[in-house]
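Worksheet for the structure shown next.
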Amino acid sequence: MNAIKTAHTAPARPKILVLGATGGTGRLIVAQALARGFEVRALVRSPAKAGGLEGAEIFIGDARDPAALRKALEGRDVVVSALGTPVSPFREVTLLSSATKALINAMKAAGVSRLVCITGMGAGDSAGHGGLVFDRLILPALLRKVYADKDRQEAIVRDSGLDWVLVRPAVLNDKPAGHGIRALTDLSGFHGGTIARADVASFVLDQVNTDTWLGRSPLIAW
């Protein structure tokens, strides 16, 4: 099911909730959102993890906890999910899908309709476009369980009925931003790539107040 496109008028100062704010990309999302003048709230698991998020309103709680999500969603316009999970070659991964399911239920209850969710190159119908090393070695050896859960996560978002954008970054690096972002849905001829976390953060925040990619799943790369 595609997103239900609704008339979207961006608030002058969007009020966003960021999940996964303590990760490498999540921290950049918070910093850039504050620089844009957004009102930022971050849901983090413990106060110890909130260092470096100064300027954001910090809520403590688990992203899978419905009560914590309902509280964190109060007064928000948009949710940005930068949730990630460690490499897990052998143990099943369920964090992404379980947290996303709980989030969507909480968003519907709170009347928050817009979700920008980061997954990754190789999720859904971008599978097989990561390049030889990623597709043949890295993903099957290290990320198979993680990507199975990313696939479940994407399916949950697609079926949510929310106004969603799924962002699939190529292999992440920590280089400076500004190389120019390619956003692709036609992946014919695309076989792998990289992108800076800072550019991912910028692209994700652009989706807060534009409908360009609503109901779509762009793969972003340099």
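The values are calculated or read from the model by the stated rules, or taken from the named source; none is laboratory data. Being a predicted model, the structure only gives us computed values, none of them experimental. Note that we place each Cβ from the backbone using ideal geometry, even for glycine, and neighbour counts take in every protein chain shown.
So that you can scan it fast, the table gives a plain yes or no per residue for (1) at pLDDT below 95; (2) over 19 Å from GLY192 (Cα atoms); (3) among the hydrophobic types (A, V, I, L, M, F, W, C):
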position	(1), (2), (3)
SER98	no, yes, no
LEU103	no, yes, yes
ALA106	no, yes, yes
ARG114	no, yes, no
ALA123	no, no, yes
HIS129	no, no, no
LYS145	no, yes, no
ARG152	no, yes, no
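Filter region 186-218 down to the residues that are more than 15 Å from GLY120 (Cβ to Cβ) and β-branched (Val, Ile, Thr) and list them by number. Those that are more than 15 Å from GLY120 (Cβ to Cβ) and β-branched (Val, Ile, Thr): VAL208, THR210, THR212. Residues being surrounded by fewer than 19 Cβ atoms within 10 Å (Cβ to Cβ), more than 24 Å from VAL146 (Cβ to Cβ), out of contact with any Gly (no Cβ under 7 Å at 6 or more places or on another chain) and touching a residue at least 12 places away in the same chain (Cβ under 8 Å) are represented in region 94-109 by at least one member. The residue pairs whose first member lies in region 208-222 and is more than 25 Å from ARG13 (Cα to Cα), whose second member is of a type outside the set (Gly, Ala, Ser) and at pLDDT below 95, and whose beta carbons are closer than 7 Å, counting only pairs six or more residues apart or on different chains, are TRP222/HIS179. Reported count of residues in region 180-220, each being surrounded by 17 or more Cβ atoms within 10 Å (Cβ to Cβ), closer than 17 Å to GLY24 by Cβ and not basic (Lys, Arg), is 11. Within the option set ILE58, ILE16, being out of contact with any Leu (no Cβ under 8 Å at 6 or more places or on another chain), of a type in the set (A, V, I, L, M) and within 20 Å of ALA109 (Cα to Cα) holds for one residue only, ILE16.
Just wondering, is there one or more residues in region 65-75 that are under 27 Å from THR194 (Cβ atoms) and touching a helix residue (DSSP H, G or I) at 6+ places or on another chain (Cβ under 6 Å)? Scanning region 65-75 turns up no residue that is under 27 Å from THR194 (Cβ atoms) and touching a helix residue (DSSP H, G or I) at 6+ places or on another chain (Cβ under 6 Å).
Checking each residue in region 80-128 for being among the acidic types (Asp, Glu) and in contact with a strand residue (DSSP E or B) (Cβ under 8 Å, 6 or more places away or on another chain) picks out no residue at all.
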